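Colleague: There's a structure below that I have some questions on.
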């Protein structure tokens, strides 16, 4: 029992959840922990109401943070409750999100590895995951981040496009320039795409507080900003301004050179300086 209590403290497992078995497989470098729900009632995951226990689902497994050099897995037969309003539902487990096969602590660690690694492929190899698992972990992390986001005041925005799928498609990105963060992304770069991007990322109150938007000289973006953020000034980025200035200077240079070449040059008299007489 001391071993089960030890892992209960490490995992933060409290009543009515209880660890009832721990198995270490040294030859497989694996640690398995079994958890049981010990109450005859549970909270509905939809409304939080206390409901009678209905039945128990078959055992599910979650990947947890490694214990020293041993890959660690949690196992549990999650109970279901019958709610008067939402019918039969599986209760929430405190260590993982719905439909995830990884614990919250493992997913948080995976996100840190993704941020620190040179590429998703390097992070994937370090974590021992496949591409689909990494993609699902990233999607859930974004969802949690969006749920925590507050509708704070944003003064300056940035909008630009990026290409993907070998350059055949584009996405439009909306940035909080002051906070240094991406607010939202939509596929496409049309006027409607940009307008949708602004309206889905910002509340009406936030849109009214925006004072400036930095973007390139794509007219569709400028039109969308004028409609969705009529009080904001449009600021074109230095890169595109410099690009147009350089193009203008180069155009003038070519024109001047062409005009100079057409001018009739005077005949030059040959002088033999070796024999001036």
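Colleague: How many residues are in a helix (DSSP H, G or I) and more than 26 Å from the chain's Cα centre (by Cα) when one looks only at the stretch 198-238? Let's see the steps before the verdict.
Modeller: Step one: of the stretch 198-238, the residues in a helix (DSSP H, G or I) are 198-201, 204-209, 219-228, 238.
Keeping just the survivors that are more than 26 Å from the chain's Cα centre (by Cα) gives 219, 223, 226-227, 238.
Total satisfying the criteria: 5.
Colleague: Sort out for me the strands (runs of 3 or more DSSP E) sitting completely within the stretch 1-86 that have 3 or more residues that are over 32 Å from the mean Cα position of the chain (by Cα) and surrounded by 15 or more Cβ atoms within 10 Å (Cβ to Cβ).
Modeller: Numbers: elements: 17-25, 30-37, 41-43, 50-56, 60-67, 70-76, 79-83.
Strands (runs of 3 or more DSSP E) meeting the threshold: 17-25, 30-37, 50-56, 79-83.
Colleague: From the list 265, 260, which residue is modelled with pLDDT of 75 or more and either in contact with a helix residue (DSSP H, G or I) (Cβ under 6 Å, 6 or more places away or on another chain) or not assigned by TED's automatic domain parsing to the domain that holds residue 209 (or both)?
Modeller: Numbers: 265 fails: modelled with pLDDT of 75 or more.
Only one candidate passes the filter, namely 260.
Colleague: Taking the stretch 191-215 as the search range and keeping residues that are touching a strand residue (DSSP E or B) at 6+ places or on another chain (Cβ under 9 Å) and surrounded by fewer than 17 Cβ atoms within 10 Å (Cβ to Cβ), which one is farthest from residue 236 (Cα to Cα)?
Modeller: Filtering the stretch 191-215 for residues touching a strand residue (DSSP E or B) at 6+ places or on another chain (Cβ under 9 Å) gives 193-194, 196-198, 200-202, 210-215.
Now drop any that are not surrounded by fewer than 17 Cβ atoms within 10 Å (Cβ to Cβ), which leaves 200, 211-212.
On the way: 200: 23, 211: 14, 212: 10 Å.
Among residues in the stretch 191-215 that are touching a strand residue (DSSP E or B) at 6+ places or on another chain (Cβ under 9 Å) and surrounded by fewer than 17 Cβ atoms within 10 Å (Cβ to Cβ), the one farthest from residue 236 (Cα to Cα) is 200.
Colleague: Which one is farthest from residue 94 (Cα to Cα), of the residues in the stretch 11-24 that are free of Cβ contacts under 8 Å to residues at least 40 places away in the same chain and in contact with a strand residue (DSSP E or B) (Cβ under 9 Å, 6 or more places away or on another chain)?
Modeller: Within the stretch 11-24, the match that is farthest from residue 94 (Cα to Cα) is 23.
The values are calculated or read from the model by the stated rules, or taken from the named source; none is laboratory data. Bear in mind that the values here come from a model prediction, so they are computed numbers and not experimental data. Every residue, glycine among them, receives a Cβ derived from its backbone with ideal geometry; neighbour counts consider all protein chains shown.
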